[in-house]
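Below is one structure, written out as structure tokens; comments come after it.
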Amino acid sequence: MTGQPRTAAADVVVLGGGMAGLVAAVRLAEAGLRVVTVAKGHGSLRLSPATIDILGYGPGRVDSPAQALPGFAEAHPGHPYAVVSPAAVAMSVQWLKEHVDTYSYVGDPSANMLLPTAIGVPRPSAVAPETMAGGDVRTAGPMAIAGLGVFKDFHPALAAENLQAATAAYGRPVQARPVLLDLPSAGQPDFGAVGLARRFEDAAFRSQVAAELRAAVHGEETIGMPAVLGMDQARSAWTELQQATGRPVFEIPTAVPPSVPGMRLASALHARLRRAGGRFVLGAEAVGPQLSNGTLTGVRISSAARVAPRMCRWVVLATGGLASGGIEVEVSGAASERALGLPVHGPGPGDAGFLPGYWDDHPMETAGLRVDSRLRPVGPGGEPVYPNVYAAGAVIGGARPWREKSGDGISLSTGYLAADAILEEAG
Amino acid sequence: MTAEQEFDFIRDSLDHCVKCTICETACPVAAVTPLFPGPKYVGPQAERFRGAGQSVDASLDYCSSCGICTLACPQGVHVAEINSRARAVMKQQHGMPLRDQLIARPPLQGKLGTPVAPVANFVLSNRLARLVAEKTLGIHRNAPVPKFAGRTFRSWARRQPAPASAGTRRVAYFHGCSTNYFEPGLGRKAVAVLAHNGCQVVLPRQGCCGLPLQSNGIFDAARGYVRRLVAGLAPYAKQGYTIVATSTSCGLMLKREAREILGVEDDDLRAVSSQTYDICEFLAGLAEAGELQTDFRPVPLTVTYHAPCQQQGHNIGKPALDLLALVPQLKVIELDRTCCGIAGTYGLKREKYDIAMQVGSGLFGDIRAARPDLAVCDSETCRWQITHGTGRTSVHPVEILHRAYGLG
Ligand SMILES: Cc1cc2nc3c(=O)[nH]c(=O)nc-3n(C[C@H](O)[C@H](O)[C@H](O)COP(=O)(O)OP(=O)(O)OC[C@H]3O[C@@H](n4cnc5c(N)ncnc54)[C@H](O)[C@@H]3O)c2cc1C
């Protein structure tokens, strides 16, 4: 249907422009449906490392998400992974790999890599950009962690020291030593991650960095660098640095936002969406369902001057969790869903949403929608509230992505499956 | 909500800032110059120190007011609006260049230039005169300035019989200054396209919306302009006319900037805001309802489409794409750039011209690479900037529809 006249309303309105919303929107648009994505603002993709963490802890460290998922789902009946099968997770990963042109994503749900973070903690991730995979401490040899003096958001000494200690504790110590490169700052006192990534798009700058690296790095070392090696041209920047230094190079996601790999992934998905003829409306907010005799026929959208309905046959609700305002905590202490007013499974008015200790299992953490086996949000009786509304991503409750390292895996797989369910119905 | 409360609502939104820096990654100005540290720094962060009207940060002046930060913010912080208001205070305290007073008043330019259009256009295209203007006024010698049409849109419209239309949709056309003085042809085509779609089109008395004054920080005068405009449009809005605008930035002034930046709040403005539509938004709405005339002839051209920053501020996506998709044989290339750099009057200024051209360079490159027959764009100053940056003719989407309808 792409490219054909659009005289009628949309088939699908996708609410939310994060990982879950974008994945659903791209799939639906590529299948020929008319898709309008409405997002209040950019999603958390641009802040997160853009590794696909499927399951890192459950609660013990997970070596193979594929093997761990069935048991995990059984032990957590209210969890999104109780609805998403391991096969669906694998299919969604495969789909993502085929849809990112910037560079390759490597790895799969059968095994977690252990990728160094900016504070030197190895983090279990099943799937990651090829630029990061070389840091996998399960196999890596000695490392030189290189920082840039003009970039204050990455501290090579901190990363290297912690990495040595942490890998020793894991039983496979990795040698890591810090290196600080001294690079011209082009009249600027310092750079943020994005500014630096833009400089890496410049070949002259890259060869300066390569020269510094050659001088600083020893024979057998793998070079770890902050994940700022270029934006759209990350693959060539990374390849060129490896060639020029003769050493493997890997990227470490930075701890302070924004996230350059997250921006790369967001921009790759947006490009796909445009190519498939999908529409994206930024800065508009869903404020309620458009109903006709109890049937949902569209979504009420607030734009610059008015609230008006966008009519559609299906809705994908991917408005995120507490961090993005998809779920909000009312003054009363109760959690609510903002876009369609769906019932939230979580603390009610007067319930204790939060416990005294920072690391406690706060009930509010898992607040979100309950969904049926087709990802339709359900009411207290387990019945779908609307037969044509599907939920995806962090708006679905029951997970603790921060502890489990499961956030992007849940968003990817549920976004993929929500699109599946609609495509099945569209025939 | 009173104006006072709305003002607080804008400023207080800074408490929602979680310092995620998404606005910084989206800002087209910070991407090209260290002179502007970015919307988060000069916005929600610096605002905390401004307190009792103190200006703490002169780099604010390098904000182009494109508004992309507000759009991108996931937490609902009105970054651009906070910055625009702070700049007005700063310019009040530090003095207003004569240049900013001049370029912010299109009606004044229009009234002076129109009767002597050949002379005015000669002066504007004369290198020596432009050099003098740069030295004395600070208007960059190469900045894209439009040509006076000589005959205004309104003087044409006065002599026209009301366009025959069988329909019953009542539309009040808000043409804005640039259509009146510089691009009267766009106004004629817009009226014809509306009439073709069954609209009875009237032309209310209207002047400048005050947007250039507002973006130059001259708020009192801007409020006067917008109040006068709204007074002229409100009777139509209250009678149920839809107000349709071809200038996407001036339409945005009526929709929300008058309230959110200038703090104007009254019944008239409310009535006008809620009835104001960008012309592509209006026509796409007809299309969505299955009520748009689709007797389009083939237009075998390749065009690029750039949605200007101010158009994105309407939060309506890109309705022009849905309309252009209806035209047979028209090949449309959607561009993915946020801003052309000009941002109204920003890129005219001597000290900002280079920044504006750098902001636009990505867009210019994409257009040149696409080698389109025409570069389509909704905003007049952006069209002039695009032509300046690429040498390509740039037109409003309605001009394509006009051609496809075979209206002349
Ligand atoms: C700093 C940071 C680091 C992270 N690190 C990791 C990590 O290492 N590993 C991991 O697996 N996960 C991580 N995550 C979590 C992961 O990013 C999220 O769990 C997941 O991406 C959520 O995706 P989503 O699409 O469901 O929601 P989001 O990305 O939150 O997107 C929600 C979208 O909905 C929009 N929206 C909200 N309300 C409305 C409305 N009413 N109308 C219209 N639009 C609306 C928002 O503007 C946004 O576009 C991290 C998150 C953050 C913020």
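Model label sites at B:R158 and A:V307, defined 7 Å from Cα along the beta-carbon direction, differ in position by 4.5 nm. Taking the chain by itself as reference, the range B:273-299 contains these residues with an accessible-area loss of 50 Å² or more in the full protein complex (1.4 Å probe, heavy atoms): B:E288. Helix A:156-170 and the longest principal axis of the C-alpha atoms of chain A enclose an angle of approximately 80°. Each Lys and Arg adds +1 at its Cβ and each Asp and Glu adds -1 at its Cβ; summed about the Cα centre, the range B:21-169 shows a dipole of about 880 debye. Summed over both chains, the accessible area lost when A and B associate is about 2800 Å², using a 1.4 Å probe. Compute the FRET efficiency between A:D372 and A:Q175 as 1/(1 + (r/R0)^6), taking r as their Cβ-Cβ distance and R0 = 51 Å, and round to the nearest 0.05. About 0.50, to the nearest 0.05.
Using only the Cα atoms, work out Rg/Rh for the range B:294-404, with Rh taken as the Kirkwood radius, to two decimals. My calculation of the ratio gives 0.98.
Sites counted here are GluC sites (Glu not before Pro) in a DSSP loop (not H, G, I, E or B) having no more than 15 other Cβ atoms within 10 Å; the longest part of chain B that contains none of them is B:1-290. When the Cα positions of A:G41, B:I261, A:G409 are compared along the charge dipole of the protein assembly as shown, B:I261 comes out farthest toward the positive end, with charges on each C-beta of Lys, Arg, Asp and Glu.
Can you list the residues of the range B:320-358 that have at least 10 square angstrom less accessible area with all protein chains present than in their chain by itself, probe 1.4 Å? For the range B:320-358, once contacts with the other chains are taken into account, B:L321, B:D322, B:A325, B:L326, B:E334, B:D336 lose 10 Å² or more. When a 1.4 Å probe is rolled over the protein heavy atoms, the share of accessible surface on the protein assembly as shown that falls to carbon and sulfur comes to 53 percent.
Among the trypsin sites (Lys or Arg not before Pro) found in the range B:198-241, those both in a DSSP coil and sparsely packed, with 14 or fewer other Cβ atoms within 10 Å of their Cβ, are B:R205.
Largest GNM mean-square fluctuation across B:S379, B:S249, B:S55, computed for chain B with C-alpha springs under 10 Å, falls on B:S55. Put simply, the amide H of A:V106, placed in the peptide plane, has neighbours under 5 Å in A:A128, A:E130, leaving out anything fewer than 5 places away on its chain. A straight chain from A:A352 to A:A165 at 0.36 nm per residue would run longer than the Cα-Cα distance by 63.5 nm. The long axis of helix A:407-426 is offset from the longest Cα principal axis of chain A by roughly 40 degrees. When the protein assembly as shown is described by a simple charge dipole with +1 on each Lys and Arg Cβ and -1 on each Asp and Glu Cβ, the residue from B:L194, A:V329, A:A9 located farthest towards its positive end is B:L194. Projecting label points 7 angstrom from Cα along Cα→Cβ for B:L128 and A:N388 puts them 7.0 nm apart. Can you pull the one-decimal nm distance between simple spin-label points at A:L158 and A:N293, each 7 Å off the Cα toward Cβ? Result: 6.1 nm between the two label points.
If r is the Cβ-Cβ distance from A:A87 to A:D361 and R0 is 25 Å, what FRET efficiency results, to the nearest 0.05?
0.25
Mind jotting down the distance between the C-alpha centroids of the range B:108-124 and the range B:217-260, whole Å? Using only Cα atoms, the two centres lie 26 Å from each other.
The residues of chain A expose on average 38 square angstrom of accessible surface per residue, using a 1.4 Å probe on protein heavy atoms. The Cα center of the range A:106-184 and the Cα center of the range A:234-313 differ in position by 28 Å. Calculated accessible area for the range B:3-94 comes out at 39 Å² per residue, all protein chains present (probe 1.4 Å; ligands, DNA, RNA ignored). Beyond 24 Å in Cα-Cα separation lie the following of the pairs B:K238/B:K318; A:K152/B:K19; B:K91/B:K349; A:K152/B:K40: B:K238/B:K318. Against chain A, whose longest principal axis comes from its Cα atoms, helix A:203-216 is set at around 50 degrees.
Around B:F36, with a cut-off of 15 angstrom between Cβ atoms, what is the net charge of the other residues, counting Lys and Arg +1 and Asp and Glu -1?
With Lys, Arg at +1 and Asp, Glu at -1, the net is 0.
Just report the Cα centroid separation between the range A:320-345 and the range A:22-64, whole Å. Going from one Cα centre to the other spans 20 Å.
For chain A, excluding the exposed loop sites themselves (trypsin sites (Lys or Arg not before Pro), DSSP loop, at most 14 other Cβ atoms within 10 Å), the longest remaining stretch covers A:153-305.
Placing +1 on the Cβ of every Lys and Arg and -1 on the Cβ of every Asp and Glu, with no other charges, gives the range B:294-404 a dipole of roughly 260 debye about its Cα centre. Across A:P77, A:P142, A:P258, mean-square fluctuation computed from a Gaussian network of chain A (C-alpha pairs under 10 Å connected) peaks at A:P77. For the range A:349-411, chymotrypsin sites (Phe, Trp or Tyr not before Pro) are listed when DSSP marks them as loop and at most 11 other Cβ atoms sit within 10 Å of their Cβ; the list is A:Y358, A:W359. Cβ-Cβ distance of B:F49 and A:R403, R₀ of 41 Å, FRET efficiency by 1/(1 + (r/R0)^6): the value works out to about 0.60.
Using the Stokes-Einstein relation with a Kirkwood hydrodynamic radius computed over Cα pairs, the translational diffusion coefficient of the range A:330-405 at 20 °C and a viscosity of 1.002 mPa s comes to 163 µm²/s.
Let me know the whole percent of all Cα-Cα pairs from the protein assembly as shown that are separated by more than 42 Å.
34
Loop sites by DSSP among the GluC sites (Glu not before Pro) of chain A, restricted to those with at most 16 other Cβ atoms within 10 angstrom, leave A:1-200 as the longest stretch without any of them. Simple point charges give the picture: +1 on the Cβ of Lys and Arg, -1 on the Cβ of Asp and Glu, and for the protein assembly as shown a dipole about the Cα centre of about 3400 debye.
With the cut-off at under 16 Å, measuring from each backbone N in the range A:124-150 to a point 7 Å along the Cα-to-Cβ line of A:Q208 picks out A:147-150.
For A:M113, the residues 5 or more places off, or on other chains, whose built amide H falls under 5 Å of its own are A:S125, A:A126.
In summary, the lysines within cross-link reach of A:K405, defined as a Cα separation below 20 angstrom excluding same-chain residues under 8 places away, comprise A:K97.
The values are calculated or read from the model by the stated rules, or taken from the named source; none is laboratory data. All values derive from a computational prediction rather than experimental measurement. Every residue, glycine among them, receives a Cβ derived from its backbone with ideal geometry; neighbour counts consider all protein chains shown. Protein only, heavy atoms only, side chains kept; ligands, DNA and RNA dropped before computing areas. Shrake-Rupley method; radii C 1.70, N 1.55, O 1.52, S 1.80 Å.
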